[in-house]
Amino acid sequence: MKTNIIILLSFMFMASTLLAQPEALETANTPPVAETTEGVNLPPVNTELVPTKSSQEVWLSLGVLFFGMVVVLAQAFIINRRQEPLSQSLKYLSVSLIIVGALFLVTAGYGNSQIAPIIGLLGTVAGYLLGRTQSGPVAPPPK
């Protein structure tokens, strides 16, 4: 069992590092510029407002998504073998999905003002899931 886990973890590490390293890093990913605009009525374009992602951000984001998919599949396999209760299983899977989602937003290149509300929402959901407990019937107070 330990060898299977070690092999799985080493495979996940190698796969995430291979996907996160693009063949050629581009310093700037600028949109293409038209060579001739004669006879074409084009509106003025401010290239600073065009949302573009560098190839490094794209590769890192794909690596994080692949790593998250492997983690969720490994968790599902382990939960299935251990026969965990449904409430515990959902807690495990949801927390790992929240962490992967937050990592994806960071590696995708979003700024603090764009990430802050979403991280707050993800933290609220994680707090609710981890704070929620299953309680049995409450005994009546003694008289």
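Gain on full extension, evaluated as 0.36 nm per residue between Ile7 and Ser55 minus their Cα-Cα distance, stands at 14.3 nm.
Karplus-based coupling profile of segment 77-91, in residue order and whole Hz: 5, 5, 5, 5, 6, 8, 6, 6, x, 4, 5, 5, 4, 5, 4, with θ = phi - 60° in 6.51 cos²θ - 1.76 cosθ + 1.60 and x standing for Gly or Pro.
Shown for Thr3, Thr107, Thr124: other C-beta atoms within 10 Å of each C-beta, ranked fewest to most, produce the order Thr3, Thr124, Thr107.
Every read-out reported here was derived from the displayed coordinates using simple, explicitly stated rules and does not represent laboratory data. Just so it is clear, the structure is predicted and the values come from calculations on it, not from any experiment. All Cβ positions, glycine included, derive from the backbone under ideal geometry; neighbour counts span all protein chains shown.
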